[in-house]
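The values are calculated or read from the model by the stated rules, or taken from the named source; none is laboratory data. None of these values were measured; they are calculated from a predicted model. Ideal geometry is used to build each Cβ from the backbone, glycine not excepted, and the neighbour counts take in all protein chains shown.
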Amino acid sequence: MMRIGILGCGRIGQVHARSFMRLRDASLVAVADAFPEAAQSLAEQTGAEVRDAQAIIESKDIDAVILCTPTDTHYDLIHAAAKAGKAIFCEKPVDLSAARIRDCIDVVRTSGVAFMTAFNRRFDPNFANVQARIAEGAIGAVEIVTIQSRDPNPPPISYIKSSGGIFRDMMIHDFDMARFLLGEEPISVYAVGSALVDPEIGAAGDVDTAAVTLTTAGGKICQISNSRRATYGYDQRIEVHGAKGMLRADNILENTVEQATATGFIRAPAQHFFLERYEAAYLAEISHFVETVSKGEAPKPSIEDGLKAQLLADAAALSLEKGQPVSV
């Protein structure tokens, strides 16, 4: 039985807590949050104890910590947890600085602890099925990957100012998905972007509409488009074209009912937010973490995967600034 401590009891911490309650091989022992009422509320829902973060990290009855705290806290918590011998599950991004992620890699390797970066979309049943079919050779050699990710609404400007920008905050998931599907590392990044949804986002130094082209050494191409606005719901689609055919995973709709009349066909909108869209993925990734760590295996995505996605995000931001492709 793996004994778990969750650091950060906000929205994503609550999601992971619910996942642990559904697993037989893990037990949520303690939770911590900078806001005591948030920790107390989650503790009451799960039966866990409330402790402070350092106490959880040092506790002998905790085997692994789940880091759901703000990104700027990850660095210190990773160092402390690794030195305490705790397995670590860390929400993305590991850090907004590639240099600081490398420091985290060093302490994780030196300590010999298991580490998983939470790129949950790899565990979406449909996206995982696409990758499995690629690996089986169903469409031959991959040639072009197309990824579309659009949020229903932009986050608050206060969040935009501290997020690290659309490439490091939002598109980083798609950079990891690109690597997951391409099977080769991108070596070139070209980005374009605009503030079309909210001029305040542009005033804050970010863009809300962006497109990126990645190219691998073998010539494979990935096209990614992001928007902070989608009037029809949470838009999450991928398509992979190969030498022998094509694989596609479409949006998950609020229901499967289709209405047909003389005026045409009507279907439901896409599910509205990431919590419901990726509910199965969140459970699957936590299950993978518990299973692999319990067996003494290395969970994936690794901390190195977190670094590689961050390097692509950094390259995209630099490409947008320079207006030209950037080598990775």
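Things to note:
- Only listed residue being under 19 Å from Tyr282 (Cβ atoms) and touching a strand residue (DSSP E or B) at 6+ places or on another chain (Cβ under 8 Å), chosen from Ser59, Ser27, Ser19: Ser27
- Boolean, Ala243 is farther than 25 Å from Asp314 by Cα, hydrophobic (A, V, I, L, M, F, W, C) and in the same structural domain as Leu275 (by TED's automatic domain parsing): yes
- Subset of segment 208-236 (residues that are charged (D, E, K, R), over 14 Å from Val189 (Cα atoms) and surrounded by 18 or more Cβ atoms within 10 Å (Cβ to Cβ)): Asp208, Arg228, Asp235
- The listed residue being at pLDDT 95 or above, more than 28 Å from Ala280 (Cα to Cα), within 17 Å of the chain's Cα centre (by Cα) and not polar (S, T, N, Q), out of Ala98, Ala118, Ala128, Ala82: Ala98
- Residue count for segment 98-108, restricted to those that are free of Cβ contacts under 8 Å to residues at least 40 places away in the same chain and either assigned by TED's automatic domain parsing to the domain that holds Ile172 or touching a Phe, Trp or Tyr at 6+ places or on another chain (Cβ under 9 Å) (or both): 2
- Segment 261-313 - residue that is buried (at least 16 other Cβ atoms within 10 Å of the Cβ) and of a type in the set (S, T, N, Q) and, of those, farthest from the chain's Cα centre (by Cα): Ser294
- Tallying residues that are over 19 Å from the mean Cα position of the chain (by Cα) and either in a strand (DSSP E or B) or under 17 Å from Phe123 (Cβ atoms) (or both) within segment 240-253 yields 8.
- Selection from segment 247-260 of residues that are loosely packed, with under 10 Cβ neighbours inside 10 Å and among the small types (Gly, Ala, Ser): Ala260
- When restricted to residues that are buried (at least 19 other Cβ atoms within 10 Å of the Cβ), among the aliphatic types (A, V, I, L, M) and farther than 20 Å from Glu37 by Cα, segment 5-21 contains 0.
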